[in-house]
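Accompanying notes for the structure given below.
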């Protein structure tokens, strides 16, 4: 079911290279994902070079996380050595995006894993908080069902490099990952533009000249059928 928070904002901030190559570095830009209840204190982070696996031991090549905190995030110049002195409960909401490496069990290199995480361990009220999470991938918009945040649903999507949904990632009690086809439990397809991720399929257009020719041929066939009919006489 729903995962916990898988990574946290480092303090002091890390970077994509030495000396903090195992940490995360803040980057500019807003999240394209809606966690359902957006708090005013958010951060976008890119993973350090030593982060090579997500929490289910699937190999990755890169990662970005979008996190939402209840307390303001300090600037790097004022960052404490212990991040929990500023945000003792960690982020309330988190969206992780992993670019996958070769994983023989469920994916190919270039696939994108998207997971929504909620920190109900430190904030149990999130489980009953009103809100719908949503995002668009490959021209298809996905939205959580129900009226509350999807804290207890299956929030782990796997997409191809072109944005087509491949299914949901699930793990067993030993942490082994597998892939189930379809939209994860607790989510639905809200809309589709028919883009590269799937969606609506357009019917082929019919050329007017071909349509007239087809009708003429049909009329001729009907005339032949009529001329060939025989009347069945019943003896009395």
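The values are calculated or read from the model by the stated rules, or taken from the named source; none is laboratory data. None of the values given here were measured: they were computed from a predicted structure. Positions of Cβ are backbone-derived with ideal geometry, glycine not excepted, and every protein chain shown enters the neighbour counts.
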Does segment 31-55 hold any residues that are under 18 Å from the mean Cα position of the chain (by Cα) and either farther than 15 Å from residue 97 by Cβ or without any contact (Cβ under 8 Å) to a residue 24 or more places away in the chain (or both), and which are they?
36, 37, 38, 44
Inside segment 89-137, counting only strands (runs of 3 or more DSSP E) that do not spill past its ends, which hold 2 or more residues that are modelled with pLDDT of 90 or more and farther than 15 Å from residue 154 by Cα?
93-100, 134-137
Report yes if residue 86 is at pLDDT 90 or above, surrounded by 15 or more Cβ atoms within 10 Å (Cβ to Cβ) and either in contact with a strand residue (DSSP E or B) (Cβ under 6 Å, 6 or more places away or on another chain) or within 24 Å of residue 46 (Cβ to Cβ) (or both), otherwise no.
no
Of everything in segment 93-107, what is in contact (Cβ under 8 Å) with a residue 12 or more places away in the chain and either over 19 Å from the mean Cα position of the chain (by Cα) or more than 21 Å from residue 72 (Cβ to Cβ) (or both)? Give them in sequence order.
96, 97, 98, 99, 100, 101, 102, 103, 105, 106, 107
A careful count of residues in segment 55-83 that are modelled with pLDDT under 80 and closer than 26 Å to residue 143 by Cα gives 2
Breaking point among (1) out of contact with any helix residue (DSSP H, G or I) (no Cβ under 9 Å at 6 or more places or on another chain); (2) at pLDDT 95 or above; (3) over 30 Å from residue 49 (Cα atoms), for residue 148:
(1)
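Could you tell me which of the residues 174, 191, 178, 152 is in contact (Cβ under 8 Å) with a residue 24 or more places away in the chain and either part of a loop (DSSP other than H, G, I, E, B) or surrounded by 18 or more Cβ atoms within 10 Å (Cβ to Cβ) (or both)? Before the answer, list the steps.
Values: 174 fails: in contact (Cβ under 8 Å) with a residue 24 or more places away in the chain; 191 fails: either part of a loop (DSSP other than H, G, I, E, B) or surrounded by 18 or more Cβ atoms within 10 Å (Cβ to Cβ) (or both); 178 fails: either part of a loop (DSSP other than H, G, I, E, B) or surrounded by 18 or more Cβ atoms within 10 Å (Cβ to Cβ) (or both).
The conditions single out 152.
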